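To start, the structure under review is shown below, and the notes come after it.
The values are calculated or read from the model by the stated rules, or taken from the named source; none is laboratory data. Keep in mind the model is a prediction, meaning the values are calculated, not measured. Positions of Cβ are generated from backbone atoms using ideal geometry, with glycine treated the same way; all protein chains shown enter the neighbour counts.
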Protein chains: 2
Amino acid sequence: MTNLKAAIPATQPHLIAPIENVPLRVQVADRLRGEILSGRLRPGTGLVETALAEQLNVSRAPIREAIQILENDGLVETIAYKGKRVKPLTAREVAETYSLREVFEVMAVTRILESGAPLDGLYQHCDEMTAAAKAGNYAALVAADEAFHHTLIRLADHDLLMASWRNLYMRIHQIMALRNRDEENLEEIAGNHPPIVQALADRDAERAMSLISEHTRILAAFDPDGIVQAL
Amino acid sequence: MTNLKAAIPATQPHLIAPIENVPLRVQVADRLRGEILSGRLRPGTGLVETALAEQLNVSRAPIREAIQILENDGLVETIAYKGKRVKPLTAREVAETYSLREVFEVMAVTRILESGAPLDGLYQHCDEMTAAAKAGNYAALVAADEAFHHTLIRLADHDLLMASWRNLYMRIHQIMALRNRDEENLEEIAGNHPPIVQALADRDAERAMSLISEHTRILAAFDPDGIVQAL
DNA sequence: TTCTTATGCATTGTCGACATTCCACAATCA
DNA sequence: TGATTGTGGAATGTCGACAATGCATAAGAA
């Protein structure tokens with residue numbers, strides 16, 4: 001990891017595009033979160049404050065606060081006076097994550113149908129997913145998938161649901177990054193989404209919810225072996 | 001607030017019951033959380049690190065970390081270089097809190113009926129609520145109500161659901177504390193619960209879920225005026 | 001007066017140093 | 001040998017001081 005503070009000179013004059021004044025703890029947290037969610041920092045990896053402070057060239061205070069942010073994201077766990085590490089994933093936690101996501105998305109579908117919100121964006125993200133699947137581009141598929149579900153939740157117009165979903169989806173992001181991507185059928189994943197949109201367009205709550213449930217459960221069942229690490 | 005560190009002498013010999021070594025940040029966070037959830041620290045109240053540090057006789061570091069914990073609990077918000085305060089409650093947030101709680105509890109009911117878990121404890125908490133309602137003891141009613149719903153969630157055997165529910169219920173706790181308790185019909189609240197247990201005992205998912213929904217919506221509608229504070 | 005600019009204050013952000021704790025491992029004794 | 005005790009290192013926990021920021025308010029010019 002490269003220096004963080006170097007990017008923000010101490011006495012910078014007001015430029016055209018004034019650099020957002022982001023606290024170091026947030027920069028550090030975003031960076032570490034990215035490392036974890038991308039799978040580069042695997043579950044179980046120890047996080048030593050002094051080492052990180054030296055690597056990132058900041059003091060321990062913002063490191064500590066950043067790690068605490070990640071702890072509250074559920075990505076890191078602390079054992080007092082002993083150490084901090086990337087939270088190991090258990091099979092149970094993976095299953096619970098997906099089952100909760102299912103409930104969130106069913107709630108979103110219910111609210112969307114109740115409010116009659118327009119389905120803007122969903123079609124577009126479906127197309128993106130299909131294209132990514134055909135191109136065999138895993139990263140693009142994941143991004144489009146996230147955009148699709150993010151839009152679905154956004155249409156539910158429920159801030160708390162959105163916040164909870166985002167928190168949950170971080171773990172899903174991590175799980176997907178840790179999976180062996182070769183084992184997944186990209187076309188199938190992409191193909192699961194258009195029927196959901198169609199059911200929403202038809203105002204068919206039952207069908208939409210059952211499709212969502214089925215889709216979620218298929219993804220959850222994709223956990224063959226490697227992800228879960230013993231404590 | 002009284003001194004925190006005074007309760008834990010620096011060089012205390014090992015006694016029979018060695019005092020749990022709880023980090024100061026956790027002690028501070030628990031204390032402030034209690035103040036907020038009980039309504040003694042009202043939404044909008046400013047939290048100044050230096051003042052708290054002096055009051056509690058600790059340095060600013062644990063205060064900062066404690067406030068960050070509360071921030072991640074959704075109870076406090078920070079504006080960089082400006083200040084921190086107890087997060088104001090909006091009418092929308094109150095409504096969203098209850099609607100999400102409804103979804104959580106419906107999920108719990110579904111899982112309980114699927115797994116056939118025994119309904120231990122629910123009957124007892126119902127009795128406690130009835131007794132508290134008859135005695136006009138609002139605090140006891142709230143405690144029994146929380147115990148009831150906590151048990152309901154616990155029976156669902158879903159750690160992530162439990163964690164999400166606890167986080168959500170904190171806000172409900174706060175809302176209930178801020179309400180004018182005289183306006184509530186204690187007997188009605190207590191009376192809402194036994195039918196839910198009965199429906200569970202009858203394995204009647206539809207009835208249980210609709211009772212839960214109704215109960216939640218009645219509580220949510222209880223927000224007549226006072227709670228929400230303008231920014 | 002009225003708008004602009006500067007300056008002081010309150011608050012949070014960051015830092016380096018020291019204190020505390022836990023764990024592992026060696027040293028000691030029965 | 002086996003258990004107990006002590007000691008050292010590694011990590012987090014806490015502290016006090018200083019830096020950076022934003023806002024309000026006062027000072028000054030048109």
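Things worth noting here:
- Here B:S99 fulfils each of the conditions (1) polar (S, T, N, Q); (2) more than 17 Å from the chain's Cα centre (by Cα); (3) within 11 Å of another protein chain (Cβ to nearest Cβ) apart from (2).
- Residue selected from segment B:73-96 under the condition in contact with a helix residue (DSSP H, G or I) (Cβ under 7 Å, 6 or more places away or on another chain) and within 16 Å of DNA strand C (Cβ to nearest atom), by the criterion farthest from the other protein chains (Cβ to nearest Cβ): B:V86
- Selected residue (only one of B:E146, B:E184 is more than 30 Å from A:A95 (Cβ to Cβ), surrounded by fewer than 19 Cβ atoms within 10 Å (Cβ to Cβ) and in contact (Cβ under 8 Å) with a residue 12 or more places away in the chain): B:E184
- Out of A:I196, A:I175, sole residue that is away from chain B (no Cβ under 14 Å), in a helix (DSSP H, G or I), buried (at least 18 other Cβ atoms within 10 Å of the Cβ) and not charged (D, E, K, R): A:I196
- Candidate set from segment B:66-96 (those that are within 16 Å of DNA strand D (Cβ to nearest atom) and crowded, with 20+ Cβ neighbours inside 10 Å); member that is nearest to the chain's Cα centre (by Cα): B:L70
- Of the residues making up segment A:42-62, those that are assigned to a helix (DSSP H, G or I), surrounded by 14 or more Cβ atoms within 10 Å (Cβ to Cβ) and more than 12 Å from chain B (Cβ to nearest Cβ) are A:E49, A:L52, A:A53, A:Q55, A:L56.
- The condition of being outside the structural domain of A:I172 (by TED's automatic domain parsing), modelled with pLDDT of 95 or more and touching a strand residue (DSSP E or B) at 6+ places or on another chain (Cβ under 7 Å) holds for only one of A:L32, A:L47, that being A:L47.
- Of the residues B:L70, B:L37, the single one that is within 12 Å of another protein chain (Cβ to nearest Cβ), at pLDDT 90 or above, under 26 Å from B:V142 (Cβ atoms) and away from DNA strand C (no atom under 11 Å from the Cβ) is B:L70.
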